[in-house]
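What follows is one structure encoded as structure tokens, with my remarks underneath.
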Amino acid sequence: MNERNFPFNQMEKRQVDGNNYIFLPNIWVRNEKLPAGAERENCFAYMISDKAKTGYHIHPSFVTNGRINDSGVLIGEDIIKGNFAYNELKTKAAEYNAEPFNIYDMHLLARLMLIEFGESNIQKALSGIDGKMGATYHGIKNVWGAEDFGQWYFGLTTESDTIHILSNKGDGVMIDTKIAPSGSGYPTQLLTAKTLNYDLGDVFLAKNQSDVVAEGILSDYQCLENESAFNSGFVSNNALCGAFYLCDDKPNVRIRNIGLRLRKAV
């Protein structure tokens, strides 16, 4: 773990309203396909900055109602166990004076893991074991779920054969991307489309997939099926857990042991 560099040197435990959180400072990001002649030409690069820079934008995790958060965001230290439906998450989080952990938050952590470890097999890099392991990341416990319980990712659904995602304005509005979900498999190519309301480079969603793990650019399986909301599932085997894994379930159904992680803008 690199505790001396940004943003890891500012990730600290805080308690608000009796709930434990890990603080992340505001982060600006850049998503870019590297040009011909670059050291890794035609690869897609994920970059971060501690301040606004040309070519960078504030990551959606740090925007609330169209303005940049004062200092950052608080991510729940652990998952609140329960049998929640996706459609209940906002109401349940409000009981804690907070919001539900969302897809941007999870994939921000995944981006930091990619940068820190320099590889996409985060399970192995973080836990030392390829599969069947929960993990703690800079104080965030069970970051992709535990052996017997998992967490929902708010703000990503598939409806009427298209992907819907939270607006990057932090206003809670769901945006129809008009892009069809890709089905299930190991991602071989990622979605990078962007508009004024979203940049899919801020998340890791498969554009194309394969049933063969060795053909994937990410080592985690994704189930991007229609009429679904998404969660971490349980830590059950090599494929069905991890920083990039997405399990699909119906948004109005209470799923056994799929709980809630909190988040709070600060």
(message) For the pair MET47/ASN197, report the inter-label distance in nm, with labels modelled 7 Å from Cα in the Cβ direction.
(response) 2.9
(request) Report, in debye and to the nearest 20, how large the dipole of the range 158-266 comes out about its Cα centre when Lys and Arg carry +1 and Asp and Glu carry -1 on their Cβ. (result) 480
(message) Between the range 193-222 and the range 3-19, what is the separation of their alpha carbon centroids in Å?
(response) 28
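Cα gyration tensor of the range 114-166, axes a ≥ b ≥ c as square roots of the eigenvalues: rounded (a/c below 1.5), prolate (a/b > b/c) or oblate? Before the final figure, lay out the partial values.
Working: a/c = 2.33, a/b = 1.74, b/c = 1.34.
Cα axes put the range 114-166 in the prolate bin.
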(request) Give a residue-ordered list of calculated ³J(HN,Hα) values for the range 246-251 (Karplus: 6.51 cos²θ - 1.76 cosθ + 1.60, θ = phi - 60°; whole Hz; x for Gly, Pro). (result) 10, 9, 9, 8, 5, x
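Size of the dipole of the range 78-122 about the Cα centre, Lys and Arg at +1 and Asp and Glu at -1 on the beta carbon, nothing else charged, in debye to 20?
Details: 4 positive and 7 negative charges, 26 e Å.
Computed about the Cα centre, the dipole is about 120 debye.
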(request) Distance check, please: which entries in LYS51/LYS169; LYS92/LYS141; LYS81/LYS178; LYS53/LYS141; LYS92/LYS124 exceed 29 angstrom between their Cα atoms? (result) LYS81/LYS178; LYS53/LYS141; LYS92/LYS124
(message) To check you understand DSSP bridge types, tell me what percent of the beta bridges within the chain (both residues inside) are antiparallel, rounded to 5.
(response) 90
(request) Give the span of the range 40-133's Cα atoms along each principal axis, as three whole-Å numbers ordered largest to smallest. (result) 47, 39, 21
(message) Quick check for you: which residues of the range 143-159 have the amide N under 16 Å from the point 7 Å beyond the Cα of GLU95 toward its beta carbon?
(response) 152
(message) Positive end of the dipole of the range 112-266, charges at C-beta (+1 Lys, Arg; -1 Asp, Glu), about the Cα centre: which of ALA135, PRO181, THR158 has its Cα farthest in that direction?
(response) ALA135
(message) Under 17 Å between alpha carbons, and skipping anything fewer than 8 positions from LYS264 in its own chain: which aspartates and glutamates qualify?
(response) GLU12, ASP17, ASP70, GLU77, ASP78, GLU95, GLU99, ASP105, ASP171
(request) Keeping all protein chains in place, calculate the accessible area per residue for the chain (probe 1.4 angstrom), answer in Å². (result) 44
(message) Given a 1.4 angstrom probe, I'd like the percentage of the accessible area of the chain that is carbon and sulfur, rounded to a whole number.
(response) 47
(request) Could you please tell me the mean projected area of the C-alpha convex hull for the chain, averaged over all directions and given in square nanometres to one decimal? (result) 13.3
(request) With label points built 7 Å along Cα→Cβ from the Cα atoms of ASN257 and MET174, find their separation and express it in nm. (result) 2.7
(message) I need the calculated FRET efficiency for the pair GLU32 and GLU227, taking r as the beta carbon distance and R₀ as 35 Å, to the nearest 0.05.
(response) 0.60
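The values are calculated or read from the model by the stated rules, or taken from the named source; none is laboratory data. None of the values given here were measured: they were computed from a predicted structure. In this analysis, Cβ positions are derived from the backbone assuming ideal geometry, glycine residues included, and neighbour counts consider all displayed protein chains. Note: accessible area is taken over every heavy atom of the protein model, side chains too, but ligands, DNA and RNA are not part of it. Shrake-Rupley method; radii C 1.70, N 1.55, O 1.52, S 1.80 Å.
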